[in-house]
Each structure stands twice: as structure tokens, then as C-alpha cells.
Amino acid sequence: MAALDIAEVARRSGVPASTLRYYEEKGLIASIGRRGLRRLFDPAILDRLALIALGRAAGFSLGEMAGMFTPEGAPRIDRAALAAKADDINRTIRRLAAMRDGLRHAAACRAPSHMECPTFRKILKAAAGRAFTPPVHRINR
């Protein structure tokens, strides 16, 4: 397959040309030449950009992503880093689930005022201490 110019890579990948230039500056991708003023890329760049997008969606920094490729551009993914990121995501999920449950409790609580609800008071105290894991509380309906 023929080399792709930067506009074609941007169109096919959905990554703006400015971001492609930035990724090249940071060493995440490399052009293979130029046609006039336009950078040219090997078609395999599309797979690499998909890997970068996946890593970014998982919360990896660009620096972390750069370390996940060999100097030749082949993936060199650290499985321990993947496991650690999965653990981070699990902690985030638990924190967000606790926040969701707290919000649902506050929305459905039958106490005259949220400040009179013992469960809401515990949630408030936990949030102030930045250790938000609200207690389990059944809502009487």
C-alpha cells in the first residue's frame, strides 16, 4: 500500500493533523518522508494511532505510551503496567459507583432534610475527608 499523507492519516484515523505533528514531536509516531510540505506515513501508522487512542482512553499518559513502543515502532507493551492501570480503573469504578449510590440515596431519601439523614451525614463527612465510600443504606419506600 502506498504511503499516506498527513491529511489522509487524519481523515482515516480521526486524529487532527496538529495532533499528528505533536505526536511526531513527542516521538510517538514517525513520518517516512515528505511530498512537498506534507508529511508521509506508512499505512501501519493507523494501527499505531489506534493503540495510542486505546492507551489514552485507558488513562495512560503520552510519555507512558511512548515507552510502549520500540525505537523501530513495534509495540512493547508492559503487562505489569497494564495490570496496574486495570487496578487504577477498578478503584475509579468503585469510587464512582459509591458516588452514584450516594447521589441516588440523596435523591430518594425520605428525611425532611438531607442534613437530618444519618446516611447523608456520613456521606458528607466522608466527602469532606476525601475518602468517599458511602455506607450501604436501604431506602424505605
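Quick notes on this one:
- Rounded tilt (10° steps) of 79-108 against the dominant C-alpha axis of the chain: 40
- Taking a point 7 Å out from the Cα of Ala17 in the direction of its Cβ, the residues of the range 41-85 whose backbone N falls within less than 16 Å of it are 41.
- Of the GluC sites (Glu not before Pro) found in the range 1-98, those that fall in a DSSP loop while having at most 16 other beta-carbon atoms within 10 Å are Glu72.
- Between helix 118-128 and the chain: long-axis angle, C-alpha atoms, 0 to 90°, nearest 10: 40
- Taking a point 7 Å from the Cα of Arg38 along the Cα-to-Cβ direction, the residues of the range 1-31 with backbone N closer than 17 Å to it are 1-21, 31.
- Computed from Cα atoms, the angle from the helix 45-57 axis to the main principal axis of the chain rounds to 20 degrees.
A short reminder: the numbers here are calculations on the coordinates, not readings from a lab. Predicted model only: the values in this text are computed from it and were never measured. Counting neighbours? That spans all protein chains shown, and the Cβs are built from the backbone with ideal geometry, glycine included.
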